[in-house]
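The values are calculated or read from the model by the stated rules, or taken from the named source; none is laboratory data. Source: prediction; values computed, not measured. Just so you know, the surface numbers come from the protein's heavy atoms only, side chains and all, with ligands and any DNA or RNA stripped out. Shrake-Rupley method; radii C 1.70, N 1.55, O 1.52, S 1.80 Å.
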Amino acid sequence: YRALLLGVVVIVFSWIHNNFRIVDLPLHSVWTWIFSLLLVEFTYYWTHRALHEINILWAAHQFHHMAEDVNITTTIRDSVVDLILYDIFPLPLAMIVPPPILVVHIQFSLIYQIWLHNEVIGHLGPIEYIINTPRQHRVHHGKNPYCIDKNYGALLMIWDRIFGTYQEEKEKIVFGVVSPTPNTYDSMTLQFGYYNDVVKKFNSVDGWGNKMSALFKGPGWAPGKPRLGLIKEVPEPDPAAPKYSYDPFIPLWRKFYVLFHGTIVLVAFIQLADHPYIRYSALKGLAGIVYIVLFLTSVGALFDCRKFAPLLEIVRCVIYFPVDYYLVDSVHWAIDANEKFVLSSSLWMVRVSHILSIFFWLGYTLFNKYEKPSKPKLGLKDMEGHDSNENPSDSMFEKCLFALGILTMFISVGFLYTYNIDSCKDVTHAVIMW
């Protein structure tokens, strides 16, 4: 999705620069690059600040801040809308900065932020007066009152110091968001659930002035309060409280099952995402994206222990076969006989595993009714899983399924060994059958 979005952005940047540029900056000048860096960082600061201080934009950005650990994975925890907004705000810069320089600095800014998300690195000395560091960015992710709406910078911290949003790290920081996090692993609910809160606030206030304020003022705003709400109303989090607001018991066999199928999706993504017949076909790319979204939705249902999860997983495994044919089997591969054997064997391993998974979930649906009913989760009416404070032992049936999980792990390792990256490099030289 990022690659697809970046391709569109590059085209738009070039169109704006070719038709509406107001100045011609020399592409190979050091001063152009420095000016572009400052301009991109200035734009990022105000974009990021807007995502926090405008409620309708916070609805897109809050998914990033739901993380209750700050590590490298937090960097890529962005909602679909969030990524679009980050690419829309810099568009006017194309009237000034040459697109190649603009794209480099925007991507460098995102790459730089990878190392900012960690809880290990401490104070780095005077350099923190100029650039952003993990210690300063941890403040940005805190839900302590003193951390709210602070330290928006990406590479540079000078804009926070100039505009009064800089904050030093003080007492222990508790990460996450102030508002309750949905008790689910469903990515769609986590990404888009807050929009429902925005609609409720919009409908709950009277007068168009208040309704517009519900959309365009801060998340903490309410009638009679300042634009960003009152910091004194933000509760002080307890550092000794349980770290995770939602931590249900998930049987080990389910984790192995998801790991196995996740490995398949990951390896397929690595091999196909940059392939010419995906890159140059919008429909094939869209089919791949939709299938991945379906997979993530099914995983969320499995981890939430929702009653419809087995049926959804059966549907996903069935849908795999037309997706397989559309993306892989219908294409003629320009590879030799040995490589074709490797590809064909790997694909059939994957296909058989999906057939077995269909029967597995059919059996689970039929026989699980004899298992001892588990305590439903609080606040989720359609769940069959255990309470987050319980860690029950696996039943005999689940132990058998765990054994199946171990078997699938051996299959997945064999799959990775057989379908190794080096042998698949030549696969990218495909003869496309449109």
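Computed quantities for the displayed model
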| quantity | calculated |
| --- | --- |
| Residues of the stretch 1-163: accessible area per residue with a 1.4 Å probe, Å² | 44 |
| Sulfur and carbon atoms: percent of accessible area, the stretch 222-266 [1.4 Å] | 64 |
| 18 Å Cα-Cα threshold exceeded, pairs from Lys150/Lys243; Lys150/Lys170; Lys143/Lys225; Lys200/Lys307; Lys170/Lys225 | Lys150/Lys243; Lys143/Lys225; Lys200/Lys307; Lys170/Lys225 |
| For the stretch 54-186: relative contact order, % (alpha-carbon pairs under 8 angstrom, 6 or more apart) | 25 |
| Asp206 - accessible surface, heavy atoms, 1.4 Å probe, Å² rounded to 10 | 130 |
| Three-way shape call for the stretch 1-163 based on the alpha-carbon gyration tensor, with the a/c threshold at 1.5 | prolate |
| Debye log10 I(q)/I(0) for the stretch 1-46, one point scatterer per Cα, at q = 0.14, 0.32 Å⁻¹ | -0.47, -1.00 |
| Share of carbon and sulfur in the accessible heavy-atom surface of the stretch 1-163 [1.4 Å probe, %] | 76 |
